[in-house]
Structures are given as structure tokens and as C-alpha cells.
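Reading through the C-alpha cells given below for one structure.
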Amino acid sequence: MEARDEGMPVRGRTPRPSKEELEAARDKVVPDLVAEGLDVLFCGINPGLISGSLGHHFANPGTRFWPALHGSGLTPRRVWPDEEDLLLSLGLGITNVVARTTAQADELSREEITRGGQELRRKVLRWRPRWLAVLGITAYRDAFGEPKAKVGPQAATVGSTRVWLLPNPSGRNAHWQQGELTEEFARFRRAAGIPDRSAGTR
């Protein structure tokens with residue numbers, strides 16, 4: 001699993017959390033961004049300390065999640081972490097395999113991720129999104145007991161919800177450059193039947 005970058009302001013308008021604030025954010029929970037019947041429920045591994053401190057998903061400025069969302073056509077413009085509520089109006093939501101915040105994802109044990117996968121299934125059955133898009137190969141393999149899973153559509157479903165495995169959008173995931181990551185998000189968007197919302201805005 002990939003480590004996180006901790007530091008730098010978010011969008012330039014959110015104060016950078018201090019070391020003390022980041023440390024105080026350990027084991028906090030960032031509330032799920034979810035509603036019934038979404039088109040896509042994105043699922044990260046777990047929140048980092050910046051997300052825990054600021055209370056927003058994917059708040060680390062090193063993440064490529066938000067640029068990939070827009071570049072792939074899933075959002076009509078670049079959305080920033082403190083605007084995450086806008087996603088619900090687009091039929092998109094965010095949750096995590098493990099709810100608690102850590103400095104790095106490798107602080108989570110395999111057993112904790114497995115338990116998180118069980119809780120994730122319960123959430124999906126409760127909220128019934130059309131698609132569950134899991135962000136991170138290793139986390140997916142451990143959470144779903146699929147050691148050979150690869151990026152792309154998965155044979156397994158959760159109730160009526162189809163599952164797609166996307167790469168970890170961490171800035172430290174050197175296996176996927178921004179362009180490749182964005183194209184994989186776009187491949188998912190097309191498969192999910194979601195129109196290109198960024199057309200004409202670039």
C-alpha cells in the first residue's frame with residue numbers, strides 16, 4: 001500500500017494543519033459521503049491525517065483523485081475536498097475500507113482490512129449504489145479475498161452492485177502516472193454509462 005504525503009495547504013484557502021493537529025487526527029473518522037441509489041460509491045483505503053484533521057475525503061494535496069475525476073469526465077469541473085458534497089448531486093459518493101485515519105495506509109493490518117471489507121459490504125447492501133469503485137489493488141485483494149484481482153471490472157458483485165477496481169490515486173503510486181490514472185477512471189465512466197460531464201469545459 002502507498003504512503004501518503006502530509007503537508008501543504010488544500011486549495012490555498014484551507015490552513016495547513018500543524019504537526020500537533022495532524023497527530024490529534026489519528027484514529028478519527030471522516031463521515032461517509034453517501035446517499036441511497038448513487039451511480040458510483042468510490043471507496044478509498046482509509047483517510048490520512050490531513051483528511052482526519054480537515055474532515056474531508058482525499059484532502060491530501062498530493063492525491064490525484066480529484067484531478068482524475070474531472071479529467072475522466074465524471075465531474076463538470078475540478079472539485080476540491082471542501083466541496084465534496086457537490087458529488088452527491090452528480091450521483092457520486094465516497095467511503096473507505098477502514099474508517100479510522102492513519103499517517104500511512106500500511107499501518108493497517110490485513111485483519112483490519114478484512115473486517116473493513118465486511119463492513120463495506122454491509123454499507124453497499126444498505127445504500128445500493130449501481131457501482132462500487134475501489135481505489136487500491138492491495139486493499140481490494142485483502143478486503144474481498146481476491147488475491148489475483150486486477151484493475152478493471154470484477155466478476156464479484158455486492159447484491160445488485162457491480163464492482164470495479166481502480167488504481168490507488170496517491171501521489172506516491174509510481175505505477176500509475178496522472179494520465180494513465182485519468183484514462184482508467186474514464187474507462188470506468190464509459191463502462192458505467194455515465195456521460196462525459198467535462199465536455200467543453202477543458
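A few remarks follow.
- Protein accessible area in the chain, 1.4 Å probe - carbon and sulfur %: 51 percent
- If you sort F58, F42 by accessible surface, 1.4 Å probe, largest first, the order is F58, F42.
- Over all Cα atoms in the chain, the spread is summed up by Rg and Dmax: 15.6, 46 Å.
- Each peptide in 189-198, 66-75, 48-57 gets a packing score, the mean of other Cβ atoms within 10 Å over its residues, and the list from highest to lowest is 48-57, 66-75, 189-198.
- FRET efficiency for the R16 to R126 pair, using the beta carbon distance and R₀ = 41 Å, is estimated at 0.70.
- Residues whose amide H comes within less than 5 Å of that of I45, counting only those at least five positions distant or on another chain, are V97 (H built at 1.01 Å from N in the peptide plane).
- Residue-averaged [θ]222 nm for the chain, counting only DSSP H segments that reach four residues, each worth -39500 (n - 2.57): -9000 deg cm²/dmol
- 3J(HN,Hα) along region 68-74: 5, 4, 6, x, 7, x, 7 Hz, from the Karplus curve 6.51 cos²θ - 1.76 cosθ + 1.60 with θ = phi - 60°, whole Hz, x for Gly and Pro.
- Value in Å of the Kirkwood radius, where region 46-92 supplies the Cα pairs that are averaged: 11.0 Å
- Sparsely packed loop sites in region 33-108 (the trypsin sites (Lys or Arg not before Pro) outside DSSP H, G, I, E and B with at most 13 other Cβ atoms within 10 Å) comprise R77.
- Beta bridges by DSSP in the chain, antiparallel share as percent, to the nearest 5: 35 percent
- Pairs exceeding a 28 Å alpha-carbon distance, out of K19/K123; K28/K123; K123/K150: K19/K123.
- Springs between Cα atoms under 10 Å define the GNM used for the chain, and in it the highest mean-square fluctuation of V97, V151, V124 occurs at V151.
The values are calculated or read from the model by the stated rules, or taken from the named source; none is laboratory data. Note that the coordinates shown come from a computational prediction; the quantities given were computed from them, not determined experimentally. Quick reminder, even Gly has a Cβ in these numbers, built from the backbone with ideal geometry, and neighbours come from all protein chains shown. Accessible surface areas use protein heavy atoms only, side chains included; no ligands, DNA or RNA. Shrake-Rupley method; radii C 1.70, N 1.55, O 1.52, S 1.80 Å.
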